[in-house]
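What follows is a set of notes on a single structure, which appears directly below.
All of the numbers you see were taken from the coordinates with simple rules; none came from a lab. Keep in mind that this is a model prediction, so the values were computed, not measured. In this analysis, Cβ positions are derived from the backbone assuming ideal geometry, glycine residues included, and neighbour counts consider all displayed protein chains.
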Amino acid sequence: MPRVLRVIHVGAGGRGAWPLDVVARMDGYVSAALVDVNPSYLEAARQKTGLPASVCFSDVQDAVGSVEADLAIICTPTVTHVPYARIAFGAGVHVLTEKGMTLDWELARAAVDEAEQARLCFCVSQNYRYFQVERTMREAFGTEQYGEPSFLDLIHHRYRPEPRTLDYKNAMIWDMSCHHFDNFVYWFGPAQRVTARTFGAPWSRYTPHDANVSAVIEFANGVVATYCLTHVAQNDFHRTFIHTTTGTLRCHDIAGIEFRPTHSRDAQAVPLLSVPQSEQSVLEDVYRYILEGVEPGISGRNNLQTLALCEATGRASDERRTVEIGELFD
């Protein structure tokens, strides 16, 4: 029989719903406890899981101190991820947090160090890299037909007029660009340098903070990305256009992926991989990491490459200069 990992769910509402559902249908996991400061969320999760009230808590420390568990899945506001993870580390419990790991670069580095010192697995649920299109794109790169990637543009205009919880500096970078940047790292490997600017719009309700960002990102393998994300666009639009040694790959503003050979108007559909639900793939990788020592791309250590892009993009705009990624790790 495969070993079953016992899970403490920290955060049962909002994004906390997906771990409850996915854990319930995976053989390698079982829900062991629930934590939420909202009594209604806690009760709804208790009814969904069938867990007794004795393993339902409003405090993370009480949960890890009362229940035998292997993994804490943390789906709470981002600023609480590392504080809650540290409580789990102190109890010898592995951790998976929702994205992003944190909003603070130095805190992220410290958390990864603490997990490694405790010999615990620490992961971040950057689930976009597990989407069908993103996984197919990575498989396409480097093949004879689709060629090696050289340069690209990713444009994502979002109609998000109300800031809601995104009321802090560079929120669009830490909340949404982290998904795009994680895909970039998944596709191309570590970034090398970033030049960027953040900006607003006359109608923006995000003031005094900017809601938009534009950047040029150079990767260590030579790929160059032109990137633009806006949260106060007047209409939604999302496109990724990648130039390779044999043609162009296009996705996000069409269904699936299309490929056009060099100097051709004929678009060919790229066959999409058959993949599980992204969150299931996240938990499959976490399972292998904990029990087999196979470190995934979403490990805390690897996620630092994604967060470094977030930090460097903000610094590049603030300081009006090109930021070398290497300086963040000095």
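Which whole-number percent of Cα pairs in the range 5-120 have a distance greater than 26 Å? Don't skip to the answer; put the middle values down first.
On the way: 859 of 6670 pairs.
The answer is 13 percent, as a whole percent.
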Item to check | Within the range 67-184, percent of DSSP bridges classed antiparallel, to nearest 5 | outcome: 10
Checklist entry - Using +1 on the beta carbon of Lys and Arg, -1 on that of Asp and Glu, and nothing else charged, what's the dipole of the range 5-120 about the Cα centre, debye to 20? => result 260
Checklist entry - Computed over the Cα atoms of the range 250-305, what is the convex hull's projected area averaged over all directions, in nm²? => result 6.2
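Add +1 for every Lys or Arg and -1 for every Asp or Glu among the other residues with Cβ under 13 Å from the Cβ of residue 204, and state the total.
On the way: positive: 158, 160, 205; negative: 162, 167, 210.
Taking every other residue near residue 204 into account, the sum is 0.
In the neighborhood of residue 3, defined by Cβ-to-Cβ distances under 15 Å, what is the net charge if each Lys or Arg adds +1 and each Asp or Glu adds -1?
Cβ neighbours under 15 Å give a net charge of -3.
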Checklist outcome for this item: Taking every DSSP bridge whose two residues both lie in the range 5-120, the antiparallel percent to the nearest 5 is 0
Checklist entry - Gaussian network model of the chain, Cα springs within a sub-10 Å range: biggest mean-square fluctuation belongs to which of 274, 58, 204? => result 274
Checklist entry - Among 159, 186, 287, whose mean-square fluctuation peaks in a Gaussian network model of the chain (Cα, cutoff 10 Å)? => result 159
Next on the checklist: Modelling each spin label as a point 7 Å along the Cα-to-Cβ direction, I'd like the residue 201/residue 324 distance in nm, to one decimal.
Outcome noted: 3.7
Checklist outcome for this item: Once residue 224 and residue 40 are pulled to full extension, the length gained, defined as 0.36 nm per residue separation minus their Cα-Cα distance, is 61.5 nm
Item to check | Antiparallel content of DSSP bridges confined to the chain, in %, to 5 | outcome: 60
Next on the checklist: For the chain, report the % of Cα-Cα distances exceeding 37 Å.
Outcome noted: 20
